[in-house]
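> I have a structure I would like to understand better, so I am pasting it below and will then ask my questions one at a time.
The values are calculated or read from the model by the stated rules, or taken from the named source; none is laboratory data. Quick caveat: nothing in here was measured; it's all calculated off a predicted structure. In this analysis, Cβ positions are derived from the backbone assuming ideal geometry, glycine residues included, and neighbour counts consider all displayed protein chains.
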Amino acid sequence: RLAQTAFALANRYFTDTQVAWADIVDEKIRRVAFFHPATRERRLLVWALGPENVTAFIPAVGPSARLIRLDGSEITLTPVNGGYTLELAGATNRNWPNNRGGYDIGIYGEPVLLIEEDVTPPEAQVQPLPEQSWPEVTVSWEAVDWGVGLESVELWVQVNGAGWQLWQSGLPAQGQALYQGAPGQQVAFAAVGVDRLGQANRNLTPQAWTNIIEKPTHANVNGRVFDPAGQPVAGVQVNIGGATGVTNEQGDFQLTAPLGVWDIWVEGRPVIRGRDFNQDATVALLYSRNPNVVLNGDFEQGGSGWNTGGSSPLAMEQQPGTQDHAAHLATAFTPNPGVPGAEGSNGGNSTLHQRIQVPYG
């Protein structure tokens, strides 16, 4: 009788429905929501995933809901603190007709069905913005609908306290968009979620705002130059993007560099390559007054100055997203002739070397 009743309930309440959303809460509770367009209802199945009894909280989307159990019994619930609290039975192997045992382990707990007319629009929010922004503002939003499901998101903008203007529509539940403002503007944003019934809360208030300022053309760079012993290096010239500064007795320097990606040079030698200066920055630089006796130590000139050895090939590669290069040893396995062993253990190797003379002092 229990199985027959369950089949009848499924046939009655899930015909002509659409899946609205589904989730798992704390790896203990499974929730699957269906949308019934004809009655504007959310029909929500909830059950426990493990053997323990659990308590589920379901956000309310209407003034009341019908709770239907597997045996066909039904009660009406009123939301408390914005939702319904349901006690769910844990998984069992006794859910067969006449309470006979089934499998050795339980297959989820007994499901319950919560039916509620959806009269609540989705929740939507724009993430906070800094007090000041450059003219290009990245706006992030997130929306959720616990009823019949989210259809789309709208983004609205308000400039200098004037009327709200629709900026974007048809957006997904979360994402980012780039707004182009102008210096001197105070710009506010609000997100609006629209559900599958067309419900939306367009009583707009600012959710995030920022003041647009001129985008700077230069970055203030402060730094200190150290030698390999950790001591400050005084009186050396630092160059970044054509701007120069000279270190004081404490090894400190200041300069104003144009925004961009630049190599950092000390006394005509590169010490950092491809540093992104898109805002004010502080750097620490390692520099030795003695010349670098290792030729092409950063492999910027490929394999120049290096001797290769071994049976396996190597390659010079540029690191993704940087100007840094690296030597990739043994890009393929080639065994050394005459070295015994099974495949993979017969002496294949790859080496780089050069002879240097280390100066005194």
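> Have a look at Asn292, Asn248, Asn296 and point out the one that is surrounded by 15 or more Cβ atoms within 10 Å (Cβ to Cβ) and assigned to a loop (DSSP other than H, G, I, E, B).
Criteria check complete, one pass: Asn296.
Residues are listed down the side, and each one gets a yes or a no for (1) of a type outside the set (Gly, Ala, Ser); (2) in a strand (DSSP E or B); (3) closer than 14 Å to Leu88 by Cα:
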{"site": "Val32", "(1), (2), (3)": "yes, yes, no"}
{"site": "Arg43", "(1), (2), (3)": "yes, yes, no"}
{"site": "Trp47", "(1), (2), (3)": "yes, yes, yes"}
{"site": "Thr55", "(1), (2), (3)": "yes, yes, yes"}
{"site": "Asp71", "(1), (2), (3)": "yes, no, no"}
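> Within region 175-219, count every residue that is surrounded by 15 or more Cβ atoms within 10 Å (Cβ to Cβ), under 26 Å from the mean Cα position of the chain (by Cα) and free of Cβ contacts under 8 Å to residues at least 60 places away in the same chain.
Within region 175-219, residues that are surrounded by 15 or more Cβ atoms within 10 Å (Cβ to Cβ), under 26 Å from the mean Cα position of the chain (by Cα) and free of Cβ contacts under 8 Å to residues at least 60 places away in the same chain number 5.
> Another one. Of all residues in region 140-189, how many are aromatic (Phe, Trp, Tyr), assigned to a loop (DSSP other than H, G, I, E, B) and under 18 Å from Leu204 (Cα atoms)?
1
> Hey, does region 153-161 have a residue that's touching a Gly at 6+ places or on another chain (Cβ under 9 Å) and either on the phi > 0 side of the Ramachandran plot or in contact (Cβ under 8 Å) with a residue 60 or more places away in the chain (or both)?
Within region 153-161 (the criterion being touching a Gly at 6+ places or on another chain (Cβ under 9 Å) and either on the phi > 0 side of the Ramachandran plot or in contact (Cβ under 8 Å) with a residue 60 or more places away in the chain (or both)), the answer is yes, since at least one residue qualifies.
> Hey, can you tell me all the residues within region 20-46 that are in contact (Cβ under 8 Å) with a residue 60 or more places away in the chain, among the aliphatic types (A, V, I, L, M) and farther than 14 Å from Ile58 by Cα?
Ala20, the sole residue that qualifies.
> Pick from Ala234, Ala229, Ala243: which is among the hydrophobic types (A, V, I, L, M, F, W, C), free of Cβ contacts under 8 Å to residues at least 12 places away in the same chain and not assigned by TED's automatic domain parsing to the domain that holds Val159?
Ala229
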